[in-house]
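In what follows, a structure is listed as structure tokens, so that the remarks can point back to it.
The values are calculated or read from the model by the stated rules, or taken from the named source; none is laboratory data. The shown structure was predicted, so the numbers you read here are calculated from the model rather than taken from an experiment. For neighbour counting, all protein chains shown are included, and Cβ atoms are generated from backbone atoms with ideal geometry for every residue, glycine included.
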Amino acid sequence: MAQHVRGVIARAKGEPVELTTIVVPDPGPGEAVVDIQACGVCHTDLHYREGGINDDFPFLLGHEAAGVVESVGEGVTEVAPGDYVILNWRAVCGQCRACKRGRPQYCFDTHNAKQKMTLLDGTELSPALGIGAFADKTLVAAGQCTKVDPAASPAAAGLLGCGVMAGIGAAINTGNVGRGDSVAVIGCGGVGDAAVAGARLAGARRIIAVDIDDRKLEKARSVGATHTVNSREADPVEAIRELTDGFGADVVIEAVGRPETYRQAFYARDLAGTVVLVGVPTPEMNIELPLLDVFGRGGALKSSWYGDCLPSRDFPMLIDLYLQGRLDLDAFVTETVGLDDVEEAFARMHRGDVLRSVVVL
Ligand code: APR
Ligand code: ZN
Ligand code: ZN
């Protein structure tokens, strides 16, 4: 029996979101219905509402979520009803060239649920990032669910489903930060701060946080930054060099997504160091670098997609570290709000007042 539940939708470009009734079908083969317990408010949800991702309105928003599997369809073996899970964007196929080469993050054939959730009049909904979790319940592919320890609070756990995983993964997976490394993080929003926390987890010796907002720098300290640089007041490249005995950082993580900060990251790394781009640029952004500097400085220029995470490996591991007190995911939850507060949470996020507002159900 299809169920009627509450969901937050973006009906048309630029219009405020609406809390309305949605229809969630029973899970078909390979699908699961998840009872959502918490879902973080992310910039990407706002981009959907603004038509910046695609035009497939109406969207069912929300995608950084944790909940309990309510029911599963035919042939599902990954999870069972009652499992506490974190949702990820897409289930991977396990069969394609990327999966076979051990890079499932780049799977060519990822999938979401085949059936559609709808409005009461039958209009099909497009779930944000294939999830749609600003809702009491949502329908996903079973492979989008990763079982984790139920002792973890849903508000904290859900954040691993997107922004916080992107940041931690940029440090521990893409940047491969090692014990004793010097790490610089440029841009300390939710993603950058998660990179700071990831660098701490990996045993970095120095973690230099760079931002243009002193409030952000203070917060970065609380999640593990050992030094901070306000790049409105000081040249960040010079400052990072000074703080690393004149060498530059072993790993520099760019978490803004702009040409000028990418350039800073490029020159702030040590010879043979690594630059990780996790900030998402827009299509018109370009950067010119002297090829001789690329050659002469050596090292690696990498981008990090979803923290190069493998949900089945990384979600349970990070949740265990959280439960052991070694990773403070609660620090990323600025406030918890209700389903009817998503529009106001967008405004607070836009003003830079919060790391994450989390809808708790
Ligand atoms: N130099 C340093 N910091 C900057 C600069 C700059 N020129 N411009 C902006 N910032 C800081 C902001 O002050 C803010 O603290 O970058 C931070 C960006 O944080 P958020 O807007 O909260 O964004 P966040 O969710 O952390 O995502 C950052 O990563 O995954 C991507 O799409 C995401 O591109 C975005 C980036
Ligand atoms: Zn694949
Ligand atoms: Zn997100």
Just to be sure, is ARG221 of a type outside the set (Phe, Trp, Tyr), away from ligand 1 (no atom under 13 Å from the Cβ) and not in a strand (DSSP E or B)? yes
Flagged in segment 154-172 as away from ligand 3 (no atom under 16 Å from the Cβ) and crowded, with 24+ Cβ neighbours inside 10 Å, in numbering order, are ALA171
Flagged in segment 194-209 as within 16 Å of ligand 1 (Cβ to nearest atom), assigned to a helix (DSSP H, G or I) and not small (Gly, Ala, Ser), in numbering order, are VAL196
Reported set for segment 119-153 where residues are of a type outside the set (A, V, I, L, M, F, W, C), outside any strand (DSSP E or B) and buried (at least 22 other Cβ atoms within 10 Å of the Cβ) is GLY132, GLY143, GLN144
Going through segment 295-323 in order, the residues found to be at pLDDT below 95 and of a type in the set (Ser, Thr, Tyr) are TYR306, SER312
Pairing a residue in segment 52-79 that is of a type in the set (Val, Ile, Thr) with any residue that is assigned to a loop (DSSP other than H, G, I, E, B), where Cβ atoms lie under 6 Å and the two sit 6 or more apart in sequence or on different chains, gives VAL69/VAL79; VAL69/PRO81; VAL69/ASP83; VAL72/PRO27
Picked from segment 92-118 (must be within 10 Å of ligand 2 (Cβ to nearest atom) and under 24 Å from ARG49 (Cα atoms)), the residue surrounded by the fewest Cβ atoms within 10 Å (Cβ to Cβ) is HIS111
Filtering segment 2-29 down to residues that are touching a Phe, Trp or Tyr at 6+ places or on another chain (Cβ under 8 Å) and surrounded by 15 or more Cβ atoms within 10 Å (Cβ to Cβ) yields GLY7, VAL8, ILE9, ALA10, ARG11, VAL17
Per the filter on segment 51-65, residues modelled with pLDDT of 95 or more and either of a type outside the set (A, V, I, L, M) or closer than 25 Å to GLY279 by Cβ (or both) are ASP55, ASP56, PHE57, PRO58, PHE59, LEU61, GLY62, HIS63, GLU64, ALA65
Condition set among the aromatic types (Phe, Trp, Tyr) and over 21 Å from VAL148 (Cβ atoms), scope segment 88-109, selection nearest to ligand 1 (Cβ to nearest atom): answer is TYR106
On the given criteria, is VAL185 buried (at least 24 other Cβ atoms within 10 Å of the Cβ), among the aliphatic types (A, V, I, L, M), touching a residue at least 12 places away in the same chain (Cβ under 8 Å) and in a helix (DSSP H, G or I)? no
Check your understanding: Is it the case that segment 21-38 has a residue that's among the acidic types (Asp, Glu) and modelled with pLDDT under 95?
Key -> no
Of the residues in segment 150-192, those that are small (Gly, Ala, Ser) and in contact with a strand residue (DSSP E or B) (Cβ under 7 Å, 6 or more places away or on another chain) number 12
